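Reviewing the structure listed below.
FYI, it's all coordinate maths here, none of it is from the lab. Worth saying up front: this structure is predicted, and the values here are computed from it rather than measured. Cβ placement follows ideal geometry from the backbone for every residue including glycine, while neighbour counts extend to all protein chains displayed.
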């Protein structure tokens, strides 16, 4: 019975998957189309395939090639992901395993920052970084992450840690571990899936962040890819979409690659805490 | 002895060094300039900046450019943080956001030895003057005009409409001769608001927005008519219904399939931006400028004549002189003018137009548009608050409700009279 149903189920799933992936596939196809063809055909396959989008897009309409912008992206993403992971794990560990007076209030405050709209902080933070002399550098984009400012990640890790029984840690303390050793040798291996989820989320969000670099980075040579992709889109000029699609495809590759490499852990981490084990 | 030699050396060397300094140039200056644009504009402006640096070797200019999206947010933080560039491209309606009292930008009237203001019409300068101070210079002046797809009109065996009546009559003809999917005009909501505004302004001869009293220069009957014009355009098949437009997705007008293949055969477009509409048409089709429709009693064409964009100098710049020199170079120098060409519409500077004309570069739609604007009654200067984001959204929302049949014409007219002045009260701060 189930044997006859399985093909049907797969057919439906493949169909739905195809619909969901269609925009992505269309982007890939569009990257190889001449610009005029993009608006006129909804089909995936270019009628007159060309690499023009890639060559011209890579050169960009600016003084720098797209390689500069991709490199800038990584100069932001890599430190930010590392700082986020380290700081969020430490803070989450502190909230779940230590009874500090007022920690409930502090945790509530942390959650409140998640709900605070980012635009409210824009100008005060800008003024602060100006006083630090950090404008037009990458520092405002990743240094705040060293202080566990992404409340969402701390919250995620706290939820995960709460579901981990403390017995193992108690045993480690009996064996002479200090609290930092407990974190590194006992807790971290257990919460690794959640840590990888944090890293992945931060990686993808930072790759796509537009407003942060837009505000803090004023020199074109420091623009990351997310900003560079919109450099050629104006209201009075027609846009070379094939170049933008081609460069979007390239800019997407690192995310796709990292996601596939970490997929196993990511799925585990994202659903963590949903069923208490 | 040695002291005598050194004194002689000193006396001889002093004038020599002064001369040398003058020859080499003044102390080096670095300017920052920001703008938004597309690839073409970036390329042209960067090339112009290099030429400026060659002309003034002691000045270096750093271009800080972006696309259109986010530019206002970026400029707002920079101005609030006092880190704005020395020279910046500013949209006309942003002047009221950053410089209500005219002190937000340098008063160019004090820098006339560096910038040649005489190349600009008083009219154009007036649009950039805040509280008596010339805050900016227009790169180009623009207005909304009617452009049609001449190929589709030829297929329908119709001439381009020359009056409102002919425009309204073209709708049924299009349906009869070409089919239900063909329309003589396509309007997105801001275009529709502008068209209805023109209808009202043609009779009243006053700006729609009364900035001083924070209300509309329109009676309840006028506003009823405002809504009715939109309703009539849809009813008589002049423009597609909002529902039909929405079925093509949320893409820019010039990238919509019916525009590309000629089924939507017209646009009420800025003269400075019509190039993008002409660019995307499929092969063999032509965009043509139509005569501007005037009501019989029209006192003014209701053109929304305004700067397409402006350049302004930071009020806090450390180098007002050099910035002004760069501003003048960008707008009046042959090198800069020829590099930009008509990419941003016909330049507002008389000298620039002369340079382009001399080389036979002023032609086509840009020339026709300039001639049409010059020939029309064009005295009304709309308030920049007409383009304030909240006011614009207010108008759009009401027309959208009407377009989707949520409210009728009478209700739309009533809401225009109540909601818009309420928005103006909040938006116009004195």
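Counting only the Cα atoms, the range A:5-50 fills a convex hull of 71 Å³ per residue. When chain A is treated as a Gaussian network with alpha carbon springs shorter than 10 Å, the biggest mean-square fluctuation among A:123, A:215, A:82 belongs to A:123.
The modelled label-to-label distance for the pair residue A:10/residue B:375, using points 7 Å beyond Cα in the direction of Cβ, is 7.1 nm. Result for chain B in a Gaussian network model with C-alpha springs under 10 Å: among B:81, B:205, B:302, the largest mean-square fluctuation is at B:81. Starting from the Cα gyration tensor of the range B:279-430, take the square roots of the eigenvalues, sort them a ≥ b ≥ c, and report rounded, prolate or oblate (rounded when a/c is under 1.5, otherwise prolate if a/b is larger than b/c, else oblate). It is oblate, given that a/c is not under 1.5 and a/b is not larger than b/c.
Each stretch of four or more DSSP H residues adds -39500 (n - 2.57); spread over every residue of chain A, this sum gives -22000 deg cm²/dmol at 222 nm. Here the label points at residue A:64 and residue A:180, each 7 Å from Cα along the C-beta direction, are separated by 3.7 nm in the simple model. Given axes a ≥ b ≥ c from the Cα gyration tensor, I'd like to know whether the range A:1-155 is rounded (a/c under 1.5), prolate (a/b larger than b/c) or oblate. Here the range A:1-155 falls in the oblate category. Counting, for every residue in B:58-67, the Cβ atoms of other protein chains within 10 Å of its Cβ and taking the mean gives 4. For the range B:30-179, the spread of Cα positions along the three principal axes, ordered from largest to smallest, is 65, 35, 32 Å.
Using a Förster radius of 45 Å, what is the FRET efficiency between residue A:104 and residue A:40 based on their Cβ-Cβ separation? Nearest 0.05, please. Numbers along the way, then the final one.
Details: r = 60 Å, r/R0 = 1.34.
Result of the calculation: an efficiency of 0.15.
Sorting the segments A:221-228, A:14-21 by their mean number of nearby beta carbons within 10 angstrom, highest to lowest, gives A:221-228, A:14-21. Cα centroid separation, the range A:1-58 to the range A:189-227: 27 Å. The mean of 1/r over all pairs of different alpha-carbon atoms in the range A:146-277, once inverted, gives a Kirkwood hydrodynamic radius of 18.0 Å. Could you tell me what % of all Cα pairs in the range A:62-267 have separations over 21 Å? Value for the range A:62-267: 61 percent of Cα pairs lie more than 21 Å apart. For chain A, the relative contact order works out to 31 percent when only alpha carbon pairs closer than 8 Å and six or more residues apart are counted.
Here the residues A:264, B:299, B:276, A:80, ranked from fewest to most Cβ neighbours within 10 Å of their Cβ, fall in the order A:264, B:299, B:276, A:80.
Where does helix A:188-208 land angle-wise versus the long Cα axis of chain A, in degrees 0 to 90, nearest 10? Result, in degrees: 30. Comparing mean-square fluctuations of B:107, B:122, B:321 from a GNM of chain B with C-alpha springs under 10 Å, the top value falls on B:122.
How far is helix B:220-235 tilted off the main Cα axis of chain B, in degrees rounded to 10, range 0 to 90? So the inclination is approximately 70 degrees. Our helix-only sum for chain B, with -39,500 (n - 2.57) per DSSP H run of n ≥ 4 divided by its residues, gives a mean residue ellipticity at 222 nm of -14500 deg cm²/dmol.
Computing FRET efficiency as 1/(1 + (r/R0)^6) for residue B:154 and residue B:350, where r is the C-beta to C-beta distance and R0 is 35 Å, gives about 0.45.
The label point for residue A:128 and the one for residue A:170, both projected 7 Å from the Cα toward the Cβ, are 4.0 nm apart.
Residues A:162, B:295, ranked from the fewest to the most other C-beta atoms within 10 Å, line up as A:162, B:295. Rounded, prolate or oblate: which fits the range B:197-331 when a ≥ b ≥ c are the square roots of the eigenvalues of the alpha-carbon gyration tensor, with rounded for a/c under 1.5 and prolate only if a/b beats b/c? Because a/c hits 1.5 or more and a/b fails to exceed b/c, the range B:197-331 counts as oblate. Across peptide B:265-274, how many C-beta atoms of other chains are within 10 Å of each residue C-beta, on average? Average per residue, whole number: 1. Taking N as the residue count of the protein assembly as shown, its C-alpha radius of gyration divided by 2.2 N^0.38 Å amounts to 1.15.
Summary of the geometry: the range B:97-116 and the range B:43-60, compared by the centres of their Cα atoms, lie 23 Å apart. Packing-based ranking of B:324-332, A:231-239 yields B:324-332, A:231-239, ordered from highest to lowest mean Cβ neighbour count within 10 Å.
Which residues does the label zone of residue A:26 cover in the range A:207-243, counting backbone N under 15 Å from a point 7 Å along Cα→Cβ? The answer is A:241-242, whose backbone nitrogens lie closer than 15 Å to the label point.
Show log10 I(q)/I(0) for chain B at q = 0.07, 0.08 Å⁻¹, two decimals, from a solvent-free Debye sum over equal Cα scatterers. Taken in order of the listed q values, log10 I(q)/I(0) reads -0.40, -0.50.
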